[in-house]
Amino acid sequence: MSSYTITPGSVGRQAREWVPAIAVFVLAIAVWQGAIAAFHIQQFLLPKPTAIVSAFWDQRHTLWPAGWYTFKEALGGFALGSLGGIAAATLIGRFRALGNALMPIAIAANAIPIIAFAPIFNAWFDPLSPNSKMAIAGVLCFFPVMVNTLRGLTSVSPRQIELMRSYAASDLTIWRRVRFPTALPFIFTALKVASVLAMIGAVVGEYFGGSYDALGVLIRSKAQILDFQTAWAGILVASLLGIALYLAVALTERAVVRWAPENRPS
Amino acid sequence: MTGVNVVEIQSVTKTFPAGNVTALENIDLTLTTGEFVSLIGPSGCGKSTLLRVIGDLIEPSAGTVTVNGKPAKQARGDHDYGIVFQDSVLFDWRTVAKNIGLPLELLGWDRAKRKQRVDEMLELVELGSFGEHYPWQLSGGMQQRVSIARALAFEPALLLMDEPFGALDEMTRERLNLELLSIWQKLASTVVFVTHSISEAVFLSTRVVVMSPRPGRIAGVVDIDLPYPRTVETREEPRYFALVTEVRELLRKRGEHLLPEEEAALTE
Ligand SMILES: Nc1ncnc2c1ncn2[C@@H]1O[C@H](COP(=O)(O)OP(=O)(O)OP(=O)(O)O)[C@@H](O)[C@H]1O
Ligand SMILES: [Mg+2]
């Protein structure tokens, strides 16, 4: 008798919620295709969706392995940056003085366009190895996760802390039982942002040089030889993988943070 | 059973450095086992502060608090008291049953023992079929009953309640008053109960402690000699009205320096 059982009705309702979005998407593609034909837009400015899809299909044996290579970099950076962010927030939340010293710097750092450091990271780490891309993706993920986690850890109600103290609970227990669960919705919000940033970091990092197996390198080199269909097909692969990572995080959130108002069964 | 001192407050003073407020000045109060003592007084007279000092959630600036013959800090370490706030302070990610079981988990009770006690508590507060619900699926009054069940689950010697029914409507409040009394009698616990309502204080308590503000002091203590069990009829007895008037007079007499709206709030 769990209140979370998915009834056929709720699946139907969810499917129906998607209908408008799908309709708009299909319409946009149709307008795109139609506009190119109608206004004779040049291939290198904007290829037809059908041309992109055919390149996507013809070159699937190079595109997908390249995408997978880049995806692994993004995933590595995402994991490192997010774990680092959560760990840093935990430390800062625990030691006030540390937070007072570091938070202004962290907030300033968060406002820096970190992606601009991509060439520098390529120089610091081996530009041909995945490490340099993982580093840039990791740094991109780190700041939003840290800032949000810290906000979550400190947004606990003072009453809840008092209640736990009345049970003589230790700081560690309070962290585990109250602060961390309170922070979870904040953490997942940040992880969704980070999942997108990780893919951006990896691809853009590769634009500044990387292994020939990498998607960013492929997109750039195809664009240079004016093979725009394939470049666009590469972007499509990057998008699909980015969306996949985002969805994986969002689904995990729905399974884990079931108590958040937006996830409550109505 | 009666006569043993559960709480001994000796010349307790509490000043908050912020704003240099003297929230409590020279408070002396002793509670014996099985007593139900209400603290009443205008807003800001230090009722919550006194409750927190008793529960060792804040330290007094001077004076001592002894609970069950131990310093308050040690009593807290020994899980000697349960606390209930005005809002229920439940954890949204835990079911009702798990919320009630939280203090038992922290005490290291095993699963079977925990489940048995939680089921008992659910019955006690008449929420038997709501164990697997989440707090946000309950009404405000039900949530407050969960938080009372949680405070009682480990049978603390002392129950500290800070306006537990303050946010509820009058009908729910009167029903929960009756429930609280029957629980209190069943468990023979000692209760410190903060309230703004004169009628609630008189109806529930064995003693009403009237406090006055700036600085927070005890203005007087009224013994409530109404017999238990108290019922709906108790509220219609002449003696009840006489006691309500006595408490009100005490509040008024000591409240010359009350702001008009504070006075209005107290005279309902
Ligand atoms: N943490 C604090 N820091 C500074 N001043 C405080 C603090 N807590 C309470 N005070 C002050 O102490 C006085 C007593 O506060 P307290 O909360 O005990 O009043 P109360 O009787 O519970 O009031 P109410 O009926 O409104 O809940 C108030 O003047 C308040 O401003
Ligand atoms: Mg108060």
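The values are calculated or read from the model by the stated rules, or taken from the named source; none is laboratory data. What you are looking at is a predicted structure, and each value in this text was computed from that prediction instead of being measured. FYI the Cβ positions are ideal-geometry reconstructions off the backbone, even for glycines, and counts take in every protein chain you see.
Within the stretch A:120-139, how many residues turn out to be without any contact (Cβ under 8 Å) to a residue 24 or more places away in the chain and assigned to a helix (DSSP H, G or I)? Show your work before the answer.
Within the stretch A:120-139, the subset without any contact (Cβ under 8 Å) to a residue 24 or more places away in the chain is A:120, A:123-126, A:131.
Next, from what is left, pick out any that are assigned to a helix (DSSP H, G or I): A:120, A:123-124, A:131.
Number of matching residues: 4.
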Checklist line | Looking only at the stretch B:95-128, and only at residues there that are assigned to a loop (DSSP other than H, G, I, E, B) and either free of Cβ contacts under 8 Å to residues at least 24 places away in the same chain or farther than 28 Å from residue A:185 by Cβ (or both), the one that is farthest from the other protein chains (Cβ to nearest Cβ) | finding: B:126
Margin query: Out of the residues in the stretch A:218-266 meeting the condition of being in contact with a Phe, Trp or Tyr (Cβ under 8 Å, 6 or more places away or on another chain) and among the β-branched types (Val, Ile, Thr), tell me which one is farthest from the other protein chains (Cβ to nearest Cβ).
Written below: A:219
Item checked: Pick from the stretch B:129-141, criterion within 14 Å of chain A (Cβ to nearest Cβ) and not in a loop (DSSP other than H, G, I, E, B), ranking: surrounded by the most Cβ atoms within 10 Å (Cβ to Cβ) -> B:135
Item checked: Every residue from the stretch B:55-73 that is in contact (Cβ under 8 Å) with a residue 40 or more places away in the chain and within 11 Å of another protein chain (Cβ to nearest Cβ) -> B:55, B:58
Note to self: Given (1) over 30 Å from residue B:22 (Cβ atoms); (2) among the aliphatic types (A, V, I, L, M); (3) buried (at least 20 other Cβ atoms within 10 Å of the Cβ); (4) touching a residue at least 40 places away in the same chain (Cβ under 8 Å), identify the lone condition not met by residue B:178.
What the structure shows: (3)
Notebook entry, point to check: Could you list, in sequence order, the residues of the stretch A:74-119 that are touching a Gly at 6+ places or on another chain (Cβ under 8 Å) and either outside any helix (DSSP H, G or I) or of a type in the set (S, T, N, Q) (or both)?
Noted result: none
Check: Among the residues of the stretch B:207-239, how many are among the hydroxyl-bearing types (Ser, Thr, Tyr), within 19 Å of the chain's Cα centre (by Cα) and either crowded, with 20+ Cβ neighbours inside 10 Å or assigned to a helix (DSSP H, G or I) (or both)?
Finding: 1
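Just one of A:116, A:106, A:135, A:74 is more than 14 Å from chain B (Cβ to nearest Cβ), hydrophobic (A, V, I, L, M, F, W, C) and surrounded by fewer than 15 Cβ atoms within 10 Å (Cβ to Cβ); which is it? Working first, answer last.
Details: A:106 fails: surrounded by fewer than 15 Cβ atoms within 10 Å (Cβ to Cβ); A:135 fails: surrounded by fewer than 15 Cβ atoms within 10 Å (Cβ to Cβ); A:74 fails: surrounded by fewer than 15 Cβ atoms within 10 Å (Cβ to Cβ).
Within the list A:116, A:106, A:135, A:74, the selection yields A:116.
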Margin query: I'd like the residue in the stretch B:1-43 that is within 12 Å of ligand 1 (Cβ to nearest atom), touching a strand residue (DSSP E or B) at 6+ places or on another chain (Cβ under 9 Å) and not β-branched (Val, Ile, Thr) and, out of all such residues, is nearest to residue B:225 (Cα to Cα).
Written below: B:39
Next item on the list: Please find, among B:76, B:52, the residue that is away from ligand 1 (no atom under 16 Å from the Cβ) and within 14 Å of chain A (Cβ to nearest Cβ).
Entry: B:76
Check: Taking interchain pairs and intrachain pairs at least six residues apart, which have beta carbon atoms under 7 angstrom, with the first residue in the stretch A:250-264 and in contact (Cβ under 8 Å) with a residue 12 or more places away in the chain and the second surrounded by 13 or more Cβ atoms within 10 Å (Cβ to Cβ) and part of a helix (DSSP H, G or I)?
Finding: A:250/A:192; A:253/A:188; A:256/A:184; A:257/A:184; A:257/A:185; A:257/A:188; A:257/A:263; A:260/A:185
Note to self: Can you say whether residue B:52 is among the basic types (Lys, Arg) and away from ligand 2 (no atom under 16 Å from the Cβ), as far as the supplied structure shows?
What the structure shows: no
Next item on the list: Only residues that are within 13 Å of ligand 2 (Cβ to nearest atom) and more than 18 Å from residue B:148 (Cβ to Cβ): list them for the stretch B:55-85, please.
Entry: B:57, B:58
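Okay, residues lined up against (1) within 16 Å of ligand 2 (Cβ to nearest atom); (2) among the small types (Gly, Ala, Ser); (3) touching a Pro at 6+ places or on another chain (Cβ under 9 Å):
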residue: B:130; (1), (2), (3): no, no, no
residue: B:140; (1), (2), (3): no, yes, no
residue: B:153; (1), (2), (3): no, yes, yes
residue: B:181; (1), (2), (3): no, no, yes
residue: B:188; (1), (2), (3): no, yes, no
Check: Out of the stretch A:243-258, which residues are in a helix (DSSP H, G or I), within 20 Å of residue B:134 (Cα to Cα) and touching a Lys or Arg at 6+ places or on another chain (Cβ under 9 Å)?
Finding: A:253
Notebook entry, point to check: Do we have any residue at all in the stretch A:5-20 that's in a helix (DSSP H, G or I), on the phi < 0 side of the Ramachandran plot, modelled with pLDDT of 85 or more and touching a Leu at 6+ places or on another chain (Cβ under 9 Å)?
Noted result: no
Next item on the list: Output the qualifying pairs, or none if there are none: Cβ atoms under 6 angstrom, residues six or more apart or on different chains, first residue in the stretch B:190-201 and farther than 14 Å from residue B:244 by Cβ, second residue more than 12 Å from ligand 1 (Cβ to nearest atom) and of a type in the set (S, T, N, Q).
Entry: B:190/B:33; B:193/B:38
